[in-house]
Each structure stands twice: as C-alpha cells, then as structure tokens.
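*Asks:* Quick one: this structure, given as structure tokens, is what I'll be asking you about.
The values are calculated or read from the model by the stated rules, or taken from the named source; none is laboratory data. What you see is a predicted model; the values in this text were computed from it and never measured. Here the Cβ positions follow ideal geometry from the backbone for every residue, glycine too, while neighbour counts run over all protein chains shown. These area figures cover heavy atoms from the full protein model, side chains too; ligands, DNA and RNA do not enter into them. Shrake-Rupley method; radii C 1.70, N 1.55, O 1.52, S 1.80 Å.
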Amino acid sequence: MGASSANKHLHPFWPRDLVIPSYVANDRSMSEVLVFLFSVSGVFLIVTWVITRISGKLGTWRRLAVCWFAVCGFIHSVIEGWFSLYYDILPGDQSFLSQLWKEYSKGDSRYIIADNFTVCMETVTAFLWGPFSFWAIYSFLATKSYRFVLQLIISLGQLYGAVLYFFTEHRDGYIHSEFGHPIYFWFYFIFMNFLWIIIPLVLIVDAWRQLSAAQTYIDTSETQKTKRK
C-alpha cells in the first residue's frame, strides 16, 4: 500500500494524487524547451516581418498582425498538432515536442492525462486555425478580398477556444496546476494563454471595422445607383 501511494507522486503534476504509470521524466531542461519555443517563434516572426517589408504593401500595424498569424501558424500546426496526434503516448515519450508538452503540463496537467476537452480543442486548433493562419498570411500579402474575413474567423475561433480553456479550468477549481506558482501557473497557464484572448479581441475589432467600412461603401454605392435610375 505504501509503495502504491508513493508511485502516485513520481511526477511533477497536479493534483498530486494523479496516477500516471507510463510517465518518464524529461531529460531536457526547462531552459532548453523554452529557448526552442521562443527562438523558433522568433524566427517565424522575423522572417515574416522581412517578407512584409519587401512586399511594401502593408503598414506597420498590418505587418505586426501578419507576424502574429505566422507565429500562430507555427504553434498551432506544429506544437499543438504534435499534441493532437501523440497525446496518448505523451507521458512516456521522449521526443523533443513530447518533452515540451510534459514541461507545459506542469502548468496544466490536463495535457499529460489527455483530458477529453483539451484533446478536442487542440485538434480543432491544429487542423483548422493552424492552416488558416498561413492562409491569412498569403491573403494579406496577395491583397485578397477575403483577408479580413479570414482574420475574423481565425480570431473568433482562437478567442472561443481560449475562453473555454480558462472557463473549464475555473470550474474545476484550478486543480491541474500549482495555484499561484510564478512560472507554472502565472507564466505557463495564465500569460501564455491570455495572449490568445487579448490579441484575437483586437483583431476581431479590427476586422469588424474593415468589413463594416467595406459594406458601408457598397451600400452607399448601391444607394447612389438607385437614385440615378
């Protein structure tokens, strides 16, 4: 009985009585995982910034928005895509991206236990909002007429997923992390996910204004045509 009880705690996740028999501890450090995540995201951001500058079609604000979609495309398609495909072997897998998810799970153990909501949400995010983010980049660089429609759809999807992500954990009483921990709770769980509430909200308002202005122009043109007749 004592050995069984001890086995429950041979992991860094919360709640502490979680039983994860297949868990293998990371051999990569936190710094290695975070440096990879932020350096690759930074490369996507810088390359996209340079490309948008070369195109010469976009202002500074719009270029930043396109850079955001580049980072989203990488994180959604690659990082979250990995989770959606390999969530069932995650606890014992030592592939680099699996170790990244095991590190993140210290802030939200729903990932290490393949919580049903988390798997479904991440699968939708990976296979819809990932490709759509890259599509959005193309649409802005090519000045496609549907670019703000894409921006609105992606941002609404991201916002909805992030709200559900926080709200479901709130209803669970924040039991899947060490509540108040400066890194695992405030940085991993709160900050890294809150970005997908704040930035999509700004982009939703932006898309709303752009699409409303376009519709106003069309309505005005139609009214003028009717008056001429």
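*Asks:* Could you look through region 45-65, keep only residues that are of a type in the set (Ser, Thr, Tyr) and over 20 Å from the mean Cα position of the chain (by Cα), and pick out the one that is surrounded by the fewest Cβ atoms within 10 Å (Cβ to Cβ)?
*Replies:* Of everything passing the filter in region 45-65, THR60 is surrounded by the fewest Cβ atoms within 10 Å (Cβ to Cβ).
*Asks:* Of the residues in region 196-229, how many are among the acidic types (Asp, Glu) and open to solvent by 60 Å² or more (accessible area, probe 1.4 Å)?
*Replies:* Here is the first cut: in region 196-229, the residues among the acidic types (Asp, Glu) are 206, 219, 222.
This time we only want the ones that are open to solvent by 60 Å² or more (accessible area, probe 1.4 Å), so: 219, 222.
Residues in region 196-229 being among the acidic types (Asp, Glu) and open to solvent by 60 Å² or more (accessible area, probe 1.4 Å): 2 in total.
*Asks:* Taking GLY42, is it surrounded by fewer than 19 Cβ atoms within 10 Å (Cβ to Cβ), out of contact with any Ser or Thr (no Cβ under 6 Å at 6 or more places or on another chain) and not in a loop (DSSP other than H, G, I, E, B)?
*Replies:* Numbers: surrounded by fewer than 19 Cβ atoms within 10 Å (Cβ to Cβ): yes; out of contact with any Ser or Thr (no Cβ under 6 Å at 6 or more places or on another chain): yes; not in a loop (DSSP other than H, G, I, E, B): yes.
Spelling it out, GLY42 is indeed surrounded by fewer than 19 Cβ atoms within 10 Å (Cβ to Cβ), out of contact with any Ser or Thr (no Cβ under 6 Å at 6 or more places or on another chain) and not in a loop (DSSP other than H, G, I, E, B).
*Asks:* Scanning for something assigned to a loop (DSSP other than H, G, I, E, B), open to solvent by less than 50 Å² (accessible area, probe 1.4 Å) and under 19 Å from PRO21 (Cβ atoms), does region 134-143 turn up at least one residue? Steps first, answer last, please.
*Replies:* Looking only at region 134-143, we keep the residues that are assigned to a loop (DSSP other than H, G, I, E, B), and these are 142-143.
Within this subset, residues satisfying the condition of being open to solvent by less than 50 Å² (accessible area, probe 1.4 Å) are 142.
Filter once more, so that each one left must be under 19 Å from PRO21 (Cβ atoms): none.
Scanning region 134-143 turns up no residue that is assigned to a loop (DSSP other than H, G, I, E, B), open to solvent by less than 50 Å² (accessible area, probe 1.4 Å) and under 19 Å from PRO21 (Cβ atoms).
*Asks:* Identify the residue in region 87-122 that is in a helix (DSSP H, G or I) and open to solvent by 50 Å² or more (accessible area, probe 1.4 Å) and, among all such residues, is farthest from HIS176 (Cα to Cα). Let's see the steps before the verdict.
*Replies:* Residues of region 87-122 in a helix (DSSP H, G or I): 90-92, 96-104, 116-122.
Subsequent filtering for residues that are open to solvent by 50 Å² or more (accessible area, probe 1.4 Å) retains 96, 116-117, 120.
Details: PHE96: 23, ASN116: 14, PHE117: 14, CYS120: 18 Å.
The selected residue is PHE96.
*Asks:* I've got another one for you. For the list (1) under 14 Å from the mean Cα position of the chain (by Cα); (2) aromatic (Phe, Trp, Tyr); (3) open to solvent by less than 60 Å² (accessible area, probe 1.4 Å), I need the number of the one condition that TYR23 fails.
*Replies:* (1) is the only condition that TYR23 fails.
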